[in-house]
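These notes concern the structure reproduced below.
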Amino acid sequence: MQKWGPKMSLLEVRNLYINLQTHDNVVQAVRGVSFSLEPKDTLAIVGESGSGKSMTVKGVMKLLPKSGRIDAGQVIFDGRDITNYSDRQMRGLNGSEISMIFQDPMTSLNPTMTIGKQIMEVLREHEKMSAHAMKERAMELLGLVGISSPEKRFDQYPHQLSGGMRQRVVIAIALACNPKVLVADEPTTALDVTIQAQILDLMKSLQSKINTSIILITHNLGVVANIANKVAVMYGGQIVESGTVDEIFYQTQHPYTLGLIASIPKIHDDSGTLKTIPGTPPDLIDPPKGCPFAPRCDRAMKVCHLYPPTYTQISDTHCSACWLQHPYAQQAAGEEGHHE
Ligand code: SF4
């Protein structure tokens, strides 16, 4: 097993490609994604549905659908190259070192088992603990995720809890074995707005209490500002801009990120209209040869339709895949004119 030097990130995804085989086509769902996660980081991966954000983390965790496979790239977790880990090897990691929470708490919980038993089940699988210690730990976890009267809740079934409480239980189960990484895939989408805010607050408060790094997958850039320290914006199976949360919100480079920011509902806007980015995401069976955002981009130049933009490093932590940041962009724009 290869070990990496002390400077290695907790999780490093390098140039990952994931294809999905449909009946007679191949969908290029993830196309050369790279990112890293350090201890205590909260990385938000943001993008519209179909941008490849969920598929990327499913690839990392080997939870791809049967039709999906990693075609190229590497996943290095805690110094181990897990790209080719077998299902059995991944079972040893999933739930204990890397944990995942999904959108809908109802499908993640077993309706026929009390929530206390469900937490203890995970502990039994991954930790050597006495029954008494497991029960204590289960109570502690219920308290950690903000469930009042844990002793009473311990013996209740999922249907006896509200949607928000159920999602708290799902988070408690995911944290049971003190994972190094917690992946939350749209953890609030199935909940109503007030409960969404409570679960996001909980995730934020957990950051100061536990040593787990978080990857938050969301289509809503609005929810990440208060939670994440790093953001990766995905479009058409690629990361088009990544940086610290301040760089993404205050030094935005990529026109798609600008569009996402403009789509965040404003508290004081009572016009009732929700801004969206006109157009539709690219067809990943036959991705465009130039910039995937070009057909929707109001700043597109001729070069954008011809060649995929290369990454421009804006700072040590900030980069963008857009021809506008390329040193020759001004010249190209001047020569070619805008192409809409
Ligand atoms: Fe728009 Fe061109 Fe930048 Fe793509 S590369 S986002 S089309 S300006």
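Details
- Interchain or long-range residues, amide H under 5 Å from Y311's placed H: none
- Seen from L200, the other residues with C-beta closer than 15 Å to its C-beta sum to a net charge of -2, counting Lys and Arg as +1 and Asp and Glu as -1.
- In terms of accessible area, using a 1.4 Å probe and ignoring ligands and nucleic acids, S162, S36 rank largest first as S162, S36.
- When all protein chains stay in place and ligands, DNA and RNA are ignored, the 1.4 Å accessible-area order of R137, R91, largest first, is R91, R137.
- The angle between the Cα long axis of helix 115-126 and the main principal axis of the chain comes to about 80°, on a 0 to 90 degree scale.
- Per residue of the chain, the DSSP helices (runs of n ≥ 4 H) give a summed -39500 (n - 2.57) that works out to -9000 deg cm²/dmol at 222 nm.
- From phi via Karplus (6.51, -1.76, 1.60), per-residue ³J(HN,Hα) for region 20-32 in Hz, x at Gly/Pro: 10, 8, 9, 3, 9, 9, 10, 8, 8, 5, 10, 10, x
- Working from Cα pairs under 8 Å separated by at least six residues, relative contact order for the chain is 19 percent.
- Taking Cβ atoms as reference points and 14 Å as the exclusive limit, the residues near S108 contribute a net charge of -2, counting Lys and Arg as +1 and Asp and Glu as -1.
- Tilt relative to the chain, helix 163-175 - C-alpha long axis, 0 to 90 degrees, to 10: 90
- Acute angle (nearest 10 degrees) that the helix 131-144 long axis makes with the longest principal axis of the chain, alpha-carbon atoms: 50
- Using R0 = 22 Å, the C-beta based FRET efficiency linking N15 and S67 works out to 0.55.
- Only protein heavy atoms count here; under a 1.4 Å probe, R166 has an accessible surface of about 40 Å².
- Separation between Cα centres of region 142-214 and region 65-127, rounded to whole Å: 17
The values are calculated or read from the model by the stated rules, or taken from the named source; none is laboratory data. Note that this is a predicted model, so its numbers are computed, not measured. Cβ sites come from the backbone with ideal geometry, for glycine too, and all protein chains shown count toward neighbours. Just so you know, the surface numbers come from the protein's heavy atoms only, side chains and all, with ligands and any DNA or RNA stripped out. Shrake-Rupley method; radii C 1.70, N 1.55, O 1.52, S 1.80 Å.
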